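The values are calculated or read from the model by the stated rules, or taken from the named source; none is laboratory data. What you see is a predicted model, and the numbers here were worked out from it, not measured in a lab. With ideal geometry, Cβ positions are generated from the backbone for all residues, glycine too; neighbour counts draw on all protein chains shown.
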Amino acid sequence: MKIILASSSPRRKEILKSMNIDFEVIPSNVVEELNDTCDVKQNVLKNAQNKAGDVFQSNNNDRIVIGADTVVYFNNQILGKPKTCKKAKELLQKLSGNQCVAYTGMCIIAKIKEKQKIYNDVSWCKILIKELTNKEIQDYINTNEPLDKAGGFAIQGIGSRYIQSINGDFYSGVGLSISNLYDTLKMIQQDFDIEMFQ
């Protein structure tokens, strides 16, 4: 059974590898959208659905496609992925000494022997960022890690030294809930009577 990750994210690839799953990567061409009129959970789920759907439509073979999207939510705002050092600095200054929430939406589309089902999930974790000095913020930006990361930091990377506490599903902050992915794949095994895990 072909399992496809609709993402080029190194973190998501590592997560699937850690689960001992055979998969291939076909990145989605979908541009992530943030809709201020939608709930944050609807936003991440919609983006995950669009990514999974984009890759799913690219062939007609039996397949399981995994799409995901992660955002950081703070002060009733979705914080995007900074493309510049200036934007990364703004985000880190906002988050310094504060708690934010990382939400990850996951959509899995499975098609096996003409049967097709869609599975959706949203997971989260609350992250408390330490009070950061201007030097710490600049030192972190100089590593380039904050660029193109939701909220401008990575909880599993260099940014972990600035995390005071995490409450909830840690891997939601990384980019894909291992626990929820495993449970969903088990459900797919039952629904389609197939084997995926060794």
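Can you go through 177, 172 and tell me which one is among the hydroxyl-bearing types (Ser, Thr, Tyr), touching a Ser or Thr at 6+ places or on another chain (Cβ under 6 Å), under 18 Å from residue 4 (Cα atoms) and surrounded by 13 or more Cβ atoms within 10 Å (Cβ to Cβ)?
Exactly one residue qualifies, and that residue is 177.
What's the total number of residues in region 25-81 that are under 23 Å from residue 124 (Cα atoms), part of a helix (DSSP H, G or I) and in contact (Cβ under 8 Å) with a residue 24 or more places away in the chain?
12
Across region 7-35, which residue is surrounded by the most Cβ atoms within 10 Å (Cβ to Cβ) among those that are over 23 Å from residue 156 (Cα atoms) and out of contact with any strand residue (DSSP E or B) (no Cβ under 8 Å at 6 or more places or on another chain)?
30
Test each condition in (1) modelled with pLDDT under 95; (2) farther than 23 Å from residue 107 by Cα; (3) crowded, with 22+ Cβ neighbours inside 10 Å for residue 157 and report the one that comes out false.
Condition not satisfied by residue 157: (3).
So, residue 17, is that one more than 15 Å from the chain's Cα centre (by Cα), under 30 Å from residue 195 (Cα atoms) and among the charged types (D, E, K, R) or not?
yes
Within region 143-150, can one find any residue that is crowded, with 16+ Cβ neighbours inside 10 Å and of a type in the set (Val, Ile, Thr)?
No - not one qualifying residue is present in region 143-150.
Tell me, which residue of region 89-125 that is hydroxyl-bearing (Ser, Thr, Tyr) and buried (at least 18 other Cβ atoms within 10 Å of the Cβ) is farthest from residue 79 (Cα to Cα)?
In the first step, residues of region 89-125 are kept if they are hydroxyl-bearing (Ser, Thr, Tyr); the result is 96, 103-104, 119, 123.
Filter again for buried (at least 18 other Cβ atoms within 10 Å of the Cβ), leaving 103-104, 119, 123.
Numbers: 103: 11, 104: 13, 119: 26, 123: 17 Å.
Among those residues, the one meeting the criterion is 119.
Out of all the residues in region 1-24, which are assigned to a helix (DSSP H, G or I) and among the aliphatic types (A, V, I, L, M)? Quick ask: steps written out before the conclusion?
Here is the first cut: in region 1-24, the ones assigned to a helix (DSSP H, G or I) are 10-18.
15, 16, listed by residue number.
Would you mind stating whether residue 86 is basic (Lys, Arg), assigned to a helix (DSSP H, G or I) and within 18 Å of the chain's Cα centre (by Cα)? Full working, then the answer.
Values: basic (Lys, Arg): yes; assigned to a helix (DSSP H, G or I): yes; within 18 Å of the chain's Cα centre (by Cα): no.
Here the answer is no, as residue 86 does not meet what is asked.
Taking the condition crowded, with 20+ Cβ neighbours inside 10 Å and either within 24 Å of residue 144 (Cα to Cα) or of a type in the set (Lys, Arg) (or both), does residue 48 pass?
On the way: crowded, with 20+ Cβ neighbours inside 10 Å: yes; either within 24 Å of residue 144 (Cα to Cα) or of a type in the set (Lys, Arg) (or both): no.
No.
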